[in-house]
């Protein structure tokens, strides 16, 4: 009768036993969850901007993969004493009840790429930049060695081009040039506090109250008119 302790270790048996042990280890639920978690935190994601907060320099982005919204810091090309700022064209301005800040709802569908910041104290992401999801139509790209900034909705009306070919401005009127350290009429940033700003729900309640008062006054007027006649 054979003894299980004296099994001959053939190459086939070693591969089978080793493969079984590795598969068991890899297929553990805990390891799979850890791998998925790491991938979610480190992978780049695409989405579209749903809200833009100019005074916070942040944007709300709806992720393409999960359809959830995340708050993102904006990655700038420059920093320090030189800062590039861009506020998307918007159809309307709103007051965000969640952040208690004014925000813009972008008119165009702004496709962007975001990544998790891995900040233990925050769930914020970083908006790395925008990308064009469609082909250029009616738009001439910059020539080699040049930079071109232009409006998409008025491609032949407004642009700035500069580089090896010099400086070219396309505007609808004479450009304004001012010299000095600081313009005396420079706009100041006026932050609206939550006490000074009504939310949409608060405005709706006020309007409803006024409508009820107006309806009541109209009823009283009708009663008086009927009595007078």
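Screening 85, 63 for residues that are more than 8 Å from the chain's Cα centre (by Cα) and closer than 25 Å to residue 150 by Cβ leaves exactly one candidate, 85.
Please tell me if residue 102 is under 29 Å from residue 202 (Cβ atoms), surrounded by 15 or more Cβ atoms within 10 Å (Cβ to Cβ), at pLDDT 90 or above and out of contact with any strand residue (DSSP E or B) (no Cβ under 6 Å at 6 or more places or on another chain). When the stated conditions are applied, residue 102 does not pass them. When we screen 209, 192 for residues that are modelled with pLDDT of 70 or more and either touching a strand residue (DSSP E or B) at 6+ places or on another chain (Cβ under 9 Å) or over 27 Å from residue 58 (Cβ atoms) (or both), the only hit is 209. Only one of the numbered conditions (1) assigned to a loop (DSSP other than H, G, I, E, B); (2) closer than 23 Å to residue 52 by Cα; (3) modelled with pLDDT under 85 is not met by residue 109, and that is (3).
Out of 149, 126, 139, one residue alone is at pLDDT 85 or above and either out of contact with any helix residue (DSSP H, G or I) (no Cβ under 8 Å at 6 or more places or on another chain) or assigned to a strand (DSSP E or B) (or both). It is 126. Across segment 66-82, the qualifying residues are those that are closer than 14 Å to residue 127 by Cβ and in a loop (DSSP other than H, G, I, E, B), and the one among them that is nearest to the chain's Cα centre (by Cα) is 75.
The values are calculated or read from the model by the stated rules, or taken from the named source; none is laboratory data. Quantities reported herein were computed from a predicted structural model and do not represent experimental measurements. As a convention, Cβ positions derive from the backbone with ideal geometry for all residues, glycine included, and neighbour counts pool all protein chains shown.
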